[in-house]
Amino acid sequence: MDVEVAAWLVSDDAHDAIELAESFDDPSSLQAATALRRTLPSEKASAVADLVACRRRGVRKLGDLAGSLFLTRDSLEQATRWEVAQWRAGRLVDCGVRALTDAGCGVGIDSLGFLSAGGNVVGFERDPILAIFAEANLRHHTRTTSITMACVDSGPCDLAQGDGRVGAHSDDVAPSYEVRTTDLTMSTDWIPTEDHHALFLDPARRTARGRSWDVDDLSPSWSFVESLLPQVPGGLVVKLAPGFPRHLLPQDSQVTWVSHRGTLVETTLWSGFNEDGRREVVVLTSDLPGMTVRAFSLFVGGGTLPSPGAIGEFVYEPDAAVIRAGGIAEVARMTDSHLIAAGIAYLSGDRLVRTPFATPFQVHETFDYTEKNLKEWVRTHQIGTLEIKVRGLDIDPAVLRRKLKLSGLHSATIILTPTTQRTQALVVSRVESGEAV
């Protein structure tokens with residue numbers, strides 16, 4: 001997609017075409033493409049189809065918000081989950097932050113989160129297409145009294161200053177924003193210098209080869225990010241990959257490992273807010289789909305892991321954020337449990353404690369694991385559906401499941417793991433959710 005097509009896509013001229021694409025079960029189908037190309041050139045037809053497809057895929061990450069956003073495939077992949085963006089915005093506001101510079105804002109999800117929390121945003125984006133989309137997303141979802149639209153260095157496609165009032169009443173006063181395009185590393189005049197004005201960075205992790213987990217591929221670079229730490233009096237927040245190397249994280253900055261609905265989604269560095277070097281697990285969860293997400297916090301570090309012991313009545317699987325943050329000792333203490341084997345991130349005990357930081361399983365049966373023993377067990381119990389969880393063993397659950405040739409009317413969950421005795425199979429069931437303690 002080029003800049004001209006992007007500018008057209010966010011305009012009123014594209015509205016009917018977008019509605020037409022939304023009327024198809026599959027906007028990428030030949031039928032949809034044929035209908036779109038009756039009135040549109042191929043590039044615009046393709047852009048519309050891709051947009052609607054991205055909106056539908058985005059519902060899992062962005063909820064109902066996705067249906068009205070301007071997205072690309074890559075920007076959707078890199079975007080912060082909406083509930084995570086809202087959590088971060090709330091924490092910033094609680095820290096006294098009133099304005100946020102979102103440097104490398106993409107299509108503006110984190111900016112939207114902060115605006116929804118009542119703050120003001122200045123967004124910078126190097127990619128002119130994403131800048132156009134970010135401006136459109138912010139304009140559509142925010143009642144503002146004045147805005148500056150994205151400045152795109154493309155001659156006739158420049159977007160001039162505009163009036164962004166979309167409030168229901170003329171006296172509405174709401175947060176304001178502006179989006180600008182820039183190469184962040186070319187100057188420092190975009191860095192906020194006022195107290196209560198924080199900086200948010202989400203370094204890109206994509207290269208020409210696709211998504212990258214290599215720190216050397218970050219853009220802006222990690223060394224550039226580190227150089228900013230002492231320069232932002234209002235505080236700096238950096239969103240990093242879930243598996244970002246721990247040894248690179250500054251010792252005097254706070255770090256959070258964020259889990260959303262059971263998935264570790266990011267490592268977040270906070271500099272200028274709390275300089276005690278705390279390490280924290282944040283679990284965002286709800287008991288039922290559609291319910292308001294709640295945030296649970298656990299500070300980790302300094303705890304001593306309990307010695308491995310026998311399998312008890314319950315097994316606890318710590319949340320991935322707990323494991324990454326090194327918080328297993330804290331969870332063992334709160335659940336009165338112990339390791340089931342050295343180096344294995346499962347805990348066990350005889351007391352049931354519900355906690356957002358670990359999933360409890362009730363143990364019904366154990367037996368020595370061999371493939372032969374497991375085949376006999378699933379045959380005897382007529383297991384047709386088997387969930388296989390593995391820790392510390394070189395076993396691919398999908399491959400093993402095919403070898404078992406499952407057939408039957410029953411389902412089960414099996415944990416395959418080393419224990420203090422030997423490698424065992426644990427027949428377990430998830431404990432029904434209840435109030436966390």
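For MET334, the shell of other residues with beta-carbons less than 11 Å away shows a net charge of +1, using +1 for Lys and Arg and -1 for Asp and Glu. What the chain shows is 47 Å² of accessible area per residue, with the surface traced by a 1.4 Å probe over protein heavy atoms. Using a probe radius of 1.4 angstrom, the carbon and sulfur fraction of the accessible surface of the chain is 48%. Peptides 220-232, 113-125 ranked from most to least packed by the mean count of surrounding Cβ atoms within 10 Å: 113-125, 220-232. Full extension of the chain between GLN421 and SER297 gives 41.2 nm of extra length, using 0.36 nm per residue less the Cα-Cα distance. Each residue, SER28 and ASP2, gets one label point 7 Å from its Cα in the Cβ direction; the gap between the two is 2.5 nm. Averaged over all directions, how much area does the convex hull of the C-alpha atoms of the chain cover when projected, in nm²? Mean projected area for the chain: 24.9 nm², to one decimal. The coefficient of translational diffusion for the stretch 297-390, derived via Stokes-Einstein from the alpha carbon Kirkwood radius under 10 °C and 1.306 mPa s, stands at 110 µm²/s.
Could you pull out the trypsin sites (Lys or Arg not before Pro) across the stretch 185-286 that fall in loop regions by DSSP (anything but H, G, I, E, B) with no more than 10 other Cβ atoms inside 10 Å? Filter output for the stretch 185-286: ARG209. Going by accessible surface with a 1.4 Å probe and the largest first, ARG88, ARG126 read ARG126, ARG88.
With the convex hull of the Cα atoms taken as the outline of the stretch 1-106, the averaged projected area works out to 7.7 nm². For the chain, a Gaussian network of Cα nodes joined below 10 Å ranks LEU406, LEU199, LEU20 by mean-square fluctuation, and the top entry is LEU406. With θ taken as phi - 60° and the Karplus curve 6.51 cos²θ - 1.76 cosθ + 1.60 applied, the whole-hertz 3J(HN,Hα) list for the stretch 409-424 is 9, 10, 10, 7, 10, 10, 10, 9, 7, x, 10, 5, 8, 5, 6, 10 Hz, x standing for glycine and proline.
Of the whole protein surface, TRP190 contributes about 10 Å² of accessible area at a 1.4 Å probe radius. Using alpha-carbon positions, what is the distance between the centroids of the stretch 46-95 and the stretch 387-428, in Å? Each part reduced to its Cα centre gives a spacing of 36 Å.
Build a GNM of the chain with springs between Cα atoms under 10 Å: which of ALA412, ALA295, ALA53 gets the top mean-square fluctuation? Result: ALA412 has the largest fluctuation of those listed. Computed extension length for ALA310-HIS140: 55.4 nm, one decimal, from 0.36 nm per residue of separation with the Cα-Cα distance subtracted. Expressed in Å, the radius of gyration and Dmax of the Cα atoms of the stretch 219-333 are 16.1, 53. Amide H contacts under 5 Å for THR181: GLU125, CYS151, restricted to partners 5 or more places along the chain or on a different chain, H placed in the peptide plane at 1.01 Å from N. In this structure, the amide hydrogen of THR355, modeled 1.01 Å from its nitrogen in the peptide plane, lies closer than 5 angstrom to those of VAL437, counting only residues at least 5 positions away or on a different chain.
The values are calculated or read from the model by the stated rules, or taken from the named source; none is laboratory data. On a predicted model such as this, the values are computed, not experimentally measured, just so you know. Please note: Cβ atoms are built from the backbone with ideal geometry, for glycine as well, and neighbour counts cover all protein chains shown. Heads up: the accessible areas ignore ligands, DNA and RNA and are worked out on the full protein's heavy atoms, side chains in. Shrake-Rupley method; radii C 1.70, N 1.55, O 1.52, S 1.80 Å.
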